[in-house]
Amino acid sequence: MDKEKFLNCAMIVKNGMKKKLDKNFTVTTLKTVRVSKKLVEKLDSILYKQNKNFNQLINEFIEEYVNYRNKLEQITREKPIIISSRFFKHLIDLLGEDLEKIKEKSYKLGKEWGKEYLLLWNNSNVSSTTLNDINIFIKYLKDIAEYSGLYKLDIIEKKGSLTVIFHHDYSNIFSALLAFYYKGIFEAFYDNYEISDIAINQNNFIISITMKNLDHL
């Protein structure tokens, strides 16, 4: 083979390899992200457990937002609802049930899942013995309101009592489901408080919480 043919063959192979590499290669852009030190410390712990790095996580979230969440937001004009798969299953299982059955089943699951959820959503190092701090329950409700899109929240505090108002765009069935689900979580842990009243409406529900012994204040 003469030199010219050899060079032509080499160029064909090189171009073929370049095309193959181009299919698997993504051009990247450098972006700087400023994150609070406190958040980074928590994030590093999570990433270590999941064997991921920061760049992987950011790309996963951005890809999800661009290809999925952003499109949902355009349709709904607001933050999409995010719930766990087992809570979604609970919603499906309740289809067609009467209102009293919905209250009963939701209350039962609240008692079963409450401890796990309260520990998971609390940022402090708490044990199951300190979950009876009412502020942990309120923080849990606030976090769900902020991040899940299930409802918006108003809290009225008075000496020895709390009135928690949940606003949503759905039905009285949804109100009953969540109200008694949270009642189950609450009554599993809080001995010094009681739910004195639950009011269920079409687009909101109200849970009234009263301290049993005002001397604890």
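The values are calculated or read from the model by the stated rules, or taken from the named source; none is laboratory data. Computed from a predicted structure; not experimentally measured. Backbone-built Cβ (ideal geometry, glycine too); neighbour counts: all protein chains shown. What goes into the accessible areas is simple: the full protein's heavy atoms, side chains included, and nothing from ligands, DNA or RNA. Shrake-Rupley method; radii C 1.70, N 1.55, O 1.52, S 1.80 Å.
A few notes on this one:
- When V33 is tested against (1) part of a loop (DSSP other than H, G, I, E, B); (2) surrounded by 10 or more Cβ atoms within 10 Å (Cβ to Cβ), just one condition goes unmet, and that condition is (2).
- Scanning the stretch 58-80 for residues that are at positive phi and touching a Leu at 6+ places or on another chain (Cβ under 7 Å) returns no hits.
- Flag if G114 is small (G, A, S), within 30 Å of F174 (Cα to Cα) and at pLDDT 90 or above: no
- F180 being touching a Gly at 6+ places or on another chain (Cβ under 9 Å) and at pLDDT 90 or above: yes
- Selection within the stretch 93-108 - in contact with a Lys or Arg (Cβ under 9 Å, 6 or more places away or on another chain) and in a helix (DSSP H, G or I): D93, K103, S106, Y107
- Single unsatisfied condition, I195 versus (1) open to solvent by 40 Å² or more (accessible area, probe 1.4 Å); (2) touching a residue at least 12 places away in the same chain (Cβ under 8 Å): (1)
- Scope the stretch 38-87; condition open to solvent by less than 60 Å² (accessible area, probe 1.4 Å), more than 30 Å from T26 (Cα to Cα) and at pLDDT below 90; matching residues: I83, S84
- Residue within the stretch 137-151 that is at pLDDT below 85 and in contact with a strand residue (DSSP E or B) (Cβ under 8 Å, 6 or more places away or on another chain) present: no
- The set of residues from the stretch 163-178 being small (G, A, S) and in contact with a helix residue (DSSP H, G or I) (Cβ under 7 Å, 6 or more places away or on another chain) comprises just one member, A176.
- Taken together, the residues in the stretch 172-184 that are open to solvent by less than 40 Å² (accessible area, probe 1.4 Å) and either of a type in the set (S, T, N, Q) or in a loop (DSSP other than H, G, I, E, B) (or both) amount to 1.
- Filter result (surrounded by fewer than 13 Cβ atoms within 10 Å (Cβ to Cβ) and within 18 Å of F87 (Cβ to Cβ)) within the stretch 145-168: E146, Y147
- Subset tally (residues that are out of contact with any Asp or Glu (no Cβ under 8 Å at 6 or more places or on another chain), open to solvent by 70 Å² or more (accessible area, probe 1.4 Å) and more than 25 Å from H90 (Cβ to Cβ)) for the stretch 198-215: 2
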